[in-house]
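Presented below is the structure to which this report refers.
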Amino acid sequence: MGSGGPLKAAVLTSGGKDSNYAAHWAALHGFEICCLLTLKPPEDSELLQFSAVETVGLQAKAMGVEWIFEEGEEGAVRDLMVAARERGASYLVSGALLSDYQRQRLGYFAKEAGLVPVNPLWRVDQEKYMRMLIRHGFEFILVRVAAEGLGPEFLGRVITAEDVEEIIRRARRYGFNPAFEGGEAETLVLRAPLYKKKIYVEGEVVKRGPGDWVYVIRRAELRDL
């Protein structure tokens, strides 16, 4: 990855656990996080999550880094990466887990913008990863559930170690991905090792369709740890 000077990286994030853990990994491995990049895509996007992405601005403030936000189609990711390159980033960190489509598309956009893609979570053991999140101090909530076996009772509350074990049990029973890589659920991180403050949210559970529930955030703010 070169030598002489910091390894400046931008993190592409929708605010969920995967991109936040990828940022954590990057910081532990000598990268300087210079900015967070967020695209709010259409609700049918296969590339990125769309729930609660506006809250990423608070995550950026909690980390003390710049937030660059775009709203639009998948191609707008390219604009985000160009903006990161202009700010001195040489690497793009993402939380891609299993989706070849996601990894390849993000890698294509990154290289086109002159960034080196970094995917630290690629092909990680999904069950071990979920347990590792709790051990490493990540506090996150589910902001959407859309899979048989996952109900609205999980929405809007911090996921505990016991919850993770229950999710794993249900994943084995119903056949969904325990880390939600197939779109079974979407998450929002409220506290992480890189945060200097914690995010507090208030909201309500809303049904979008059969088996599809979201936690709509009505209020969000930063507070001291």
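Read the figures in this text as sums done on the coordinates, not as results from a lab. What you see is a predicted model; the values in this text were computed from it and never measured. Glycine also receives a Cβ, built like all others from the backbone with ideal geometry; neighbour counts cover every protein chain displayed.
Here are some notes:
- The amide H of Glu32, built 1.01 Å from its N in the peptide plane, has Leu7, Lys8, Ala9 as neighbours under 5 Å, considering only residues 5 or more places off or on other chains.
- Mean separation of Cα contacts under 8 Å (6+ apart) over length of region 129-225, as relative contact order %: 33 percent
- Size of electric dipole in the chain: Cβ of Lys, Arg +1 and of Asp, Glu -1, about Cα centre, debye, nearest 20: 640 debye
- Square roots of 5 times each gyration tensor eigenvalue, C-alpha, region 57-102, largest first, Å: 19, 15, 13
- Pairs exceeding 25 Å between alpha-carbon atoms, taken from Lys40/Lys111; Lys128/Lys207; Lys8/Lys61; Lys40/Lys128; Lys61/Lys128: Lys128/Lys207; Lys40/Lys128; Lys61/Lys128.
- Signed unit charges on C-beta, dipole axis of the chain, positive-most listed residue Leu225, Gly15, Tyr129: Leu225
- The chain - Kirkwood radius from inverse mean 1/r over Cα pairs (Å): 17.6 Å
- Relative to the current alpha-carbon distance between Glu153 and Glu74, full extension at 0.36 nm per residue lengthens the span by 25.3 nm.
- Contour excess over end-to-end distance, with Cα ends at Glu221 and His136 and 0.36 nm allotted per residue: 28.3 nm
- Inter-label distance, Ile168 to Glu127: 0.6 nm, where each label sits 7 Å from its Cα along the C-beta direction.
- Fraction of alpha-carbon pairs over 19 Å apart in region 7-118 - percent: 35 percent
- Its Cα centre serving as origin, region 101-155 has a Cβ charge dipole (Lys and Arg +1, Asp and Glu -1) of approximately 260 debye.
- Order by protection proxy (mean Cβ within 10 Å, highest first), peptides 60-71, 154-165, 6-17: 6-17, 60-71, 154-165
- The three principal axes of the C-alpha atoms in region 126-224 carry coordinate ranges of 40, 31, 19 Å, sorted with the longest axis first.
- Considering only alpha-carbon pairs that sit under 8 angstrom and 6 or more positions apart, the relative contact order computed for region 7-118 is 32 percent.
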